[in-house]
Amino acid sequence: QDDSACRAEDCLSSDAGALLQMKVQDDVAAHLVSQSKDNHVEDNAYHRPSACPAANSQPWCNPHLPLERRVQMLLREIRPNELAPQIQNDLFGGTPAIERIGLPAYNYIKENDHGLISSSQSPSPTMFPQVILTAGSFNTSLFTAIGELSASQARYFFEVGYTQSWDNQHGYLQGLLLQNNINIFRDPRWGRGQETPGEDPFLNAMYVAAWIKGVQALKGPGGVPLAGMSCKHFDAYSFEGGPTELNRTSGLRHFIPGYSTLSRHNQNAIVDQQDMSDTYLPAFESCIVSGAKGSMCSYNQINGVPSCGHKALETNLIRDKWGFDGVIVTDCDSIADMYYPQQWKATPQETVRAALEAGTDISCGPNFTMVHTTGDMDGLLRTAVGRALRVRFQLGEFDPPVLGAALPMLPSGLALAREAAQQSMVLLKNEAQTLPVRAGLSIALLGPLRNATVDMLGDYVADPVEGGVLISPLQGLLDAGVDVIAPPGGPEVCSDSYTKMRKPDADVVVIVGGLYGDDKRVQDPDLRPAESPICQNNCLEAEGCDRYNISWPYGQEQLIDQAADWDIPVVLVIISGGPLDLSKYKSHKGISAILWVGYPGQMGGAALADILLGVVSPTGRLTQTFYSGDFVRATSITDMRMRQGVAAGGQVFYNGYVPYPGRTYRFVNASYVVYPFGFGLSYDTWRYRKGSCRCCKVNGCEVSFRVSSAGTGTAAAISFLLFLRPPSTSVAGAPLKELKAFTRVQGPSNEVSLSVAPQAFQLADGSGAFHREMGEWTLEIGEPAELAYTVVVGSNAWSCQ
């Protein structure tokens, strides 16, 4: 090495933890029994004080009585003046206790997208890969396993507690209703797309069903669910805008002069019935019918009606039609937003009444709802409080402790976090088998995120994370024994200038770039467009901050372009939630490989090293479309339409009047696509051989095929995706194709079977009603298609060949 390079060890950040030595198990479920005994508290003095020390402590403490009777017994003891505080959930303090009847305080807003959010506590929860990455494994067993492990940790913190670092006092988790974002990743600029499973309604529906299975596993005390799952944000939410500022005294939100006066707090999402039925509703229907305990209504309006005041959705649809019996909570300050800035009702009191009448139960926010209730709302308040209490009963809060029962253990999630990242990273390009990097070759590690630790996590995270372990890309390669050169200098994530670097003396160049997924310096997300430089510089994607395009930050693009001319194999590693424009690099001969790793969690650097070095083969697939930069110039982020059409309102874009290109792989004009949904390469070459295909009107279709691999042998498993293309004579606005089944199987050779329900051959019409579409469908396996079958759907007879 010459003097342009430093010792890689010297470039490590101070908080990069040593890589834990562990054997990654093949069976994901095996991780659930891995216990962190050092964190186990044996002293019963640390057990949470019970709301019901014995069955006779209060009438409602008898677990043998019917659930509804117990709820009503407790509800009757709450006085009229105590009802309103029970529906006002301060984000930080929850709802207050009623000490005279032994009702504990409770917080219905606990975030758990990819691990439980916590701050300054020990022990700490695991931070798994962000959802947009984990979903790319297309492995429902993995979704369930992470859900169960994170809920097990939540149950531990609820029952046993933790130590608060700022005062060394013992504390407990205040609630067990865990919130998860299942919205559609509609627009690539959306800052919170990283929190979602992706752009496809079927995938999001399958993800949430599997997640609920884990979170609500009947493994809590006495066989109750570990925790309750709540799905957010219902519905049609995928825009931040702003900035806005909340006045905590009045509970009202104001726009900041000089910036946009449109935000999530006052957006009216115009959604036609066809898009509502086949895009925006399916994941939430799956959530409800899978037994979720909660649902969170969103800030925005839908066709002129606020989500949290939308009786047709909250009562008629999810309660009456889908059978929901849980609690509906608001996003924070949503009811205040209904009054101002949405100005939906004339007075605060009318606004609160409308929300309660619509079916909303718990209002997150400082005080607006509580202070604007009136005496004639007593019946509405009792209904709302009763629904909230029912969920707490279902989660065992009012069951007396089981005599002789052991305290819950705190499971470690580090091995599972590493495996989740391994299964989900997506290889987009691999020319001349550049990856995996062969043993003995030296690597020059460049890029602003080569030493990322907390920036590997994305948003909604714990601080600290489990064990303080944060494995950066550099740390992961060093722990694997690789000869790493880490030249000094280079651009920062947001650099708007660039100083050329010297060509490194290495066999392979790995550039780790991308975006920030959070800004800890600006804690209030709604202020980020005004106060966060990285938001303003278009290199942050997070709550409160959308990007205005999907271009690479200038300094990073210059580094990539320079490295591409070095005549050394260049591997581009992308840390991001949403896509960056890869149209230039997809075919660039100087870029040998591209690997998208999402926000891979606290074990992300270790998993990345495993992929780069061929310890495992990449098997992830994209759950979002990677568009070209032209796409965002042809679409408005606030246009909710999914299907192709004309530019809304005759909008003029960069090249004049242009057709509306549609959104997501289901509808978008293919000329805007760089890498499609479902795409992902492997180090192995997979061979497909057709098997049987049987279809009938009653059972739908079952297709089987044989796969075998030849290559590195590192692909322990692979996912298979099944798409349906509807007949050319289909209803207007029919999707180009849709995901209808997927599975993950063990390699290197296997017989694969996939089933498609009869409902998969239905399409939504302009009114939102579904009808079976007769004619010739095409059933495809893979993206791009490796196998194709023709399915003829008739009024009685079906065939497949």
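Every number here is computed from the coordinates shown, using simple stated rules; none is lab data. None of the values given here were measured: they were computed from a predicted structure. Heads up, the Cβs are rebuilt from the backbone with ideal geometry, glycines too, and the neighbour counts pull from every protein chain shown.
At-a-glance table
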{"read-out": "Dipole magnitude of the chain, debye to nearest 20 (Cβ charges: Lys/Arg +1, Asp/Glu -1, about Cα centre)", "value": "1860 debye"}
{"read-out": "Relative packing of peptides 282-290, 140-148 - highest average C-beta neighbours within 10 Å first", "value": "140-148, 282-290"}
{"read-out": "Estimated distance in nm for a label pair at THR743 and ARG633, the labels positioned 7 Å out from Cα along Cα-to-Cβ", "value": "4.5 nm"}
{"read-out": "Distance in nm between pseudo-label sites at ASN247 and CYS696 (7 Å out along the Cβ direction from Cα)", "value": "6.8 nm"}
{"read-out": "Chain lengthening between ARG687 and ASP463 when straightened (0.36 nm per residue, less Cα-Cα)", "value": "76.1 nm"}
{"read-out": "Approximate shape of the range 205-256 as ellipsoid semi-axes (Cα gyration tensor, √5λ), whole Å, largest first", "value": "36, 17, 6"}
{"read-out": "The range 225-278 versus the range 420-437: alpha-carbon centroid distance in Å", "value": "37 Å"}
{"read-out": "The range 155-280: C-alpha gyration tensor shape, a/c 1.5 cut-off, then a/b vs b/c", "value": "oblate"}
{"read-out": "Distance from the range 48-74 to the range 110-176 (C-alpha centre basis), Å", "value": "28 Å"}
{"read-out": "Descending Cα extents along the principal axes, the range 431-510, whole Å", "value": "38, 34, 24"}
{"read-out": "Using a Förster distance of 51 Å, the FRET efficiency for LYS321-ASP565 (Cβ separation, nearest 0.05)", "value": "0.30"}
{"read-out": "Length released on extending from ASP167 to GLU68, taking residue separation times 0.36 nm less the Cα-Cα span", "value": "31.6 nm"}
{"read-out": "Rounded FRET efficiency, nearest 0.05, which uses the C-beta distance separating ARG438 from VAL289 and R0 of 51 Å", "value": "0.55"}
{"read-out": "Percentage relative contact order, the range 679-778, counting C-alpha pairs under 8 Å, at least six apart", "value": "29 percent"}
{"read-out": "C-alpha center-to-center spacing [the range 512-573, the range 590-645] in angstrom", "value": "14 Å"}
{"read-out": "All lysines inside 19 Å of LYS697 as judged from Cα atoms, apart from same-chain residues fewer than 8 positions distant", "value": "LYS740"}
{"read-out": "Shape parameters for the range 218-292, alpha-carbon atoms, Rg then Dmax in Å", "value": "18.1, 56"}
{"read-out": "Residue-span extension gain [VAL646 to TYR498] - 0.36 nm each, minus C-alpha spacing", "value": "49.3 nm"}
{"read-out": "Reach of LYS110 by Cα under 26 Å, taken over lysines that are not fewer than 8 positions away in the same chain", "value": "LYS37, LYS213, LYS219, LYS232, LYS293, LYS311, LYS520"}
{"read-out": "Cα pair distances of the chain binned at 20 Å [whole percent]", "value": "16, 49, 31, 3"}
{"read-out": "Among 747-753, 63-69, the order from most to least packed when residues are scored by Cβ within 10 Å on average", "value": "747-753, 63-69"}
{"read-out": "Amide proton proximity set for GLN121, modelled H, under 5 Å, gap of 5+", "value": "SER165"}
{"read-out": "The range 356-457: mean projected area of Cα convex hull, nm²", "value": "15.2 nm²"}
{"read-out": "DSSP bridge orientation in the chain - percent antiparallel, rounded to nearest 5", "value": "65 percent"}
